[in-house]
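Here the structure comes first, spelled out in structure tokens, and everything after it is commentary.
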Amino acid sequence: MQYWVALTLCPPSAAANSSPRTDAGAGAAATASQQQAVGWWALQFTPRVAVLDEAVLLEVAASRRLFGGEAALRERLCAEAQVLGCEAVAWGPTARAALAFARAGWHDGDGSMPLTQRLDRLPLHTVSELAREQATLVRLGCKTLGDVRRLPRGGLSRRFGKALLEALDQAYGLRPQAFEWLVLPERFETRLQLPSRVEDAQALVFGARRLLMQMSGWLAARHAGVRRFTFVWHYDFHRGRDAPERDELQIRTADLTRETSHFERLLSEHLAKTTLAAPVDDIRLCADEVEPLEEVSASLLQDPARGGESVTQLIERVSARLGADKVLRPVLRADHRPEHVQTWQPAGEAGLRKPVVALPALLPQPTWLLATPLRLAMQGQRPMYQGVLETVAGPCRLEAGWWDRDRSEAGETAAVARDYYVMFSAHAGLLWVYKERDVGAQGRNSPWFLHGIFG
């Protein structure tokens, strides 16, 4: 048994009220573009999505259990369809019946009544073929679909053609109806004409929410996620001479995702720090880096730990608010030099940890490494730190960094040549000390440095 949902869009006149283009061709183009956008979003619920007149139709009989049952599916469809600009949402056992209920403003009529009785009560304008002949049918005394059905079929066919009877039969489930199903494009890119000029960047989030929902639906239908998307806004034609034609934001995510709420939070944080050069009348959204996303099975029992933002999403949002250079994370690097084993990078950037090449295990490693090695005083040939140091173990020779060019103008290398020792101080305990190796001086006058302390 089929189960249809009809989503009717706002009338073309309402969609074009704020636009200087008031001709019928522009209104039709705007409606077709909106239908396409809603259709892409609807494909996440079912592959059977079609366009009929001003509506988008979904056949969701096989999808109800997948989305948590009929009640949950209805609630989600109604909430998201309203954001996308849909005027009405209605359900029915046939596509034309669902569309007729939506046009009449009924959710699904009286579900306790048979379909025939529900449709018989609807006015003529709820079926397109009858609406075109409404003036003639009214003169014949017909006000509802039931009145038309009671007329002789032969006379109706001769006077109005077969299309009228065929549409009625399809609405009542007496004849099947074939559709051309929507197919997703390979690349997601959509735009929205704003109902009025926007002068505050933060206000763009309201219109962007619709585009983000469409992108999430497109990603869900393709079983994919996005790592980078671009939000573009076009400035009004009457902008100043110094204002550019458009500006854009490229937003990256650390993990593959298709969550509309996360996209919206990130975009909102970026726009909060943006100043518009002129009023904006048009916005556009593109999905740039799209990759397959592995699905996560839903739990049979509710898991409170799964609610809210993940740590990765929180880091991305805070980075967008404070700046990427203000939220950092440590990253391990493959380097023998102790001071170069760890570096810091923006926490929101995606990156794989490289394996660490540890120092030779001839000497134990300290638990605390000084940020800058401390040069030690000498007593003769022996280093001092709160007293003369006694050698416990060593040396362990380290030579590395000849490949690493210094960023200074001189362009010198950051090469090191050291002999590391574990030494004992009566007051400070075990210390990690190294001596700079100077081959030319044969190590006699080479300085000693404290580099680490054993906890």
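The values are calculated or read from the model by the stated rules, or taken from the named source; none is laboratory data. A quick note: this is a predicted structure, and the numbers were derived from the prediction, not measured. Cβ coordinates were reconstructed from backbone atoms using ideal geometry, including for glycine residues, and neighbour counts include every protein chain displayed. Accessible surface is based on the protein model in full, side chains and every heavy atom, while ligands, DNA and RNA are left aside. Shrake-Rupley method; radii C 1.70, N 1.55, O 1.52, S 1.80 Å.
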Which one is surrounded by the fewest Cβ atoms within 10 Å (Cβ to Cβ), of the residues in segment 199-210 that are among the charged types (D, E, K, R) and under 14 Å from the mean Cα position of the chain (by Cα)? Arg209
When segment 164-184 is examined, which residues are found to be surrounded by fewer than 13 Cβ atoms within 10 Å (Cβ to Cβ) and touching a residue at least 24 places away in the same chain (Cβ under 8 Å)? Glu180
Determine which single condition Cys286 fails, assuming it passes every other condition in (1) surrounded by 18 or more Cβ atoms within 10 Å (Cβ to Cβ); (2) assigned to a helix (DSSP H, G or I). (2)
Within segment 364-393, track down each residue that is β-branched (Val, Ile, Thr) and within 59 Å of the chain's Cα centre (by Cα). Thr367, Thr372, Thr391, Val392
Restricting to segment 237-260, count the residues that are surrounded by 16 or more Cβ atoms within 10 Å (Cβ to Cβ) and either within 20 Å of Val38 (Cβ to Cβ) or acidic (Asp, Glu) (or both). 4
Restricting to segment 2-25, and then to whatever is surrounded by fewer than 16 Cβ atoms within 10 Å (Cβ to Cβ) and outside any loop (DSSP other than H, G, I, E, B), can you tell me which residue is modelled with the highest pLDDT? Gly25
Which of the residues that make up segment 222-231 are surrounded by 17 or more Cβ atoms within 10 Å (Cβ to Cβ) and of a type outside the set (D, E, K, R)? Gly225, Val226, Phe229, Phe231
Restricting the first residue to segment 54-77 and requiring it to be closer than 14 Å to Gln44 by Cβ, which pairs with a second residue that is in a helix (DSSP H, G or I) and small (Gly, Ala, Ser) meet a Cβ separation below 7 Å and a spacing of at least six or different chains? Val56/Gly39; Val56/Ala42; Leu58/Ala42
Looking at (1) open to solvent by less than 30 Å² (accessible area, probe 1.4 Å); (2) closer than 26 Å to Val183 by Cβ, find the lone condition where Arg64 falls short. (1)
Considering each residue of segment 261-283, count those that are closer than 17 Å to Val318 by Cα and open to solvent by 10 Å² or more (accessible area, probe 1.4 Å), and give that number. 9
Does Gly111 satisfy the condition of being modelled with pLDDT under 90, more than 24 Å from Gly39 (Cα to Cα) and under 39 Å from the mean Cα position of the chain (by Cα)? yes
Any residue in segment 211-221 that is open to solvent by 50 Å² or more (accessible area, probe 1.4 Å) and not β-branched (Val, Ile, Thr)? no
Which one of the conditions (1) more than 30 Å from Ala100 (Cβ to Cβ); (2) open to solvent by 40 Å² or more (accessible area, probe 1.4 Å); (3) at pLDDT 90 or above does Ser196 fail to meet, given that it meets all the rest? (3)
Would you check if Gly455 is modelled with pLDDT under 85, within 15 Å of Leu370 (Cβ to Cβ) and either assigned to a loop (DSSP other than H, G, I, E, B) or open to solvent by 60 Å² or more (accessible area, probe 1.4 Å) (or both)? yes
Go through segment 45-92 and give me each residue that's at pLDDT 90 or above and among the polar types (S, T, N, Q). Thr46
Just one of (1) on the phi < 0 side of the Ramachandran plot; (2) more than 25 Å from the chain's Cα centre (by Cα) trips up Ile251, so point out which. (2)
